[in-house]
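The values are calculated or read from the model by the stated rules, or taken from the named source; none is laboratory data. All values reported here derive from a predicted model rather than from experimental measurement. Don't worry about glycine lacking a Cβ; one is built from the backbone with ideal geometry, like all the others, and counts go over all protein chains shown. SASA here: full protein model, heavy atoms, side chains in, ligands and nucleic acids out. Shrake-Rupley method; radii C 1.70, N 1.55, O 1.52, S 1.80 Å.
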Amino acid sequence: MSSSIYHTQKISLNLKKLVKLLVIQTTILGGFFYIQSVVASCTIISGSPDFFISGHIFPPLDPRTPINGTLAKRITYAYSTAGGLKTYCTSTGSTATLTSDFTHISGELYDTALPGISMRIKIGDSANYAYLPGVISNTGQWEIYAVPVEIELIKTSNSITAGNIPSRTLARAHLTAENNFNVFNVTMTAPLTVAI
């Protein structure tokens with residue numbers, strides 16, 4: 001009789017261990033699937049992430065401008081040959097990191113390859129904008145027909161030199177939280193010409 005009770009208790013303990021093990025495994029798997037489900041992803045519904053700005057000749061710069069002063073400013077729009085861009089992201093909100101193919105000097109300044117002249121690049125409109133390097137936020141669904149761009153030339157030394165700022169990708173926006181999904185690029189189709 002006691003042997004039977006002992007055997008029943010042993011089965012009961014083994015069942016409890018089995019249930020506990022199953023609960024732990026289910027919790028771990030559930031957590032894994034939850035992590036997988038919260039990782040957002042984005043896809044392009046229509047259009048292209050490539051936007052372009054044309055070359056520009058700045059008005060003659062004033063060499064008497066003080067150091068760190070603004071020599072000239074260009075406000076324009078970058079357009080897509082595909083008519084714009086529409087993306088869908090599974091996240092309800094996203095933040096795009098803005099970078100440039102121009103060499104970052106410090107703060108908001110980028111190298112123009114012209115002695116004494118650096119530039120600041122601003123992407124976006126008055127409601128949602130950022131200087132590079134920086135971030136720009138969105139609800140998660142990106143629908144872009146044109147990208148507002150501001151290029152500001154800054155005097156960084158007493159002597160400035162005229163010439164051309166080479167054409168490169170001025171700005172890139174990618175979503176680091178969504179596997180570096182490329183939202184848009186703003187590329188110059190021709191150099192920017194600077195006269196003094």
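Tabulated data
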item	result
Residue within segment 127-139 that is open to solvent by less than 10 Å² (accessible area, probe 1.4 Å) and at pLDDT 95 or above present	yes
Residue 17 vs. criteria at pLDDT 55 or above, open to solvent by 40 Å² or more (accessible area, probe 1.4 Å), over 18 Å from the mean Cα position of the chain (by Cα) and closer than 21 Å to residue 194 by Cβ	no
Test: residue in segment 29-39 that is in a helix (DSSP H, G or I), modelled with pLDDT under 85, surrounded by 10 or more Cβ atoms within 10 Å (Cβ to Cβ) and of a type in the set (A, V, I, L, M)	yes
Segment 97-119, residues that are open to solvent by 10 Å² or more (accessible area, probe 1.4 Å), in a strand (DSSP E or B) and out of contact with any Lys or Arg (no Cβ under 9 Å at 6 or more places or on another chain)	104, 105, 106, 111, 113, 114
For residue 74: the one exception among (1) modelled with pLDDT under 90; (2) farther than 27 Å from residue 179 by Cα	(1)
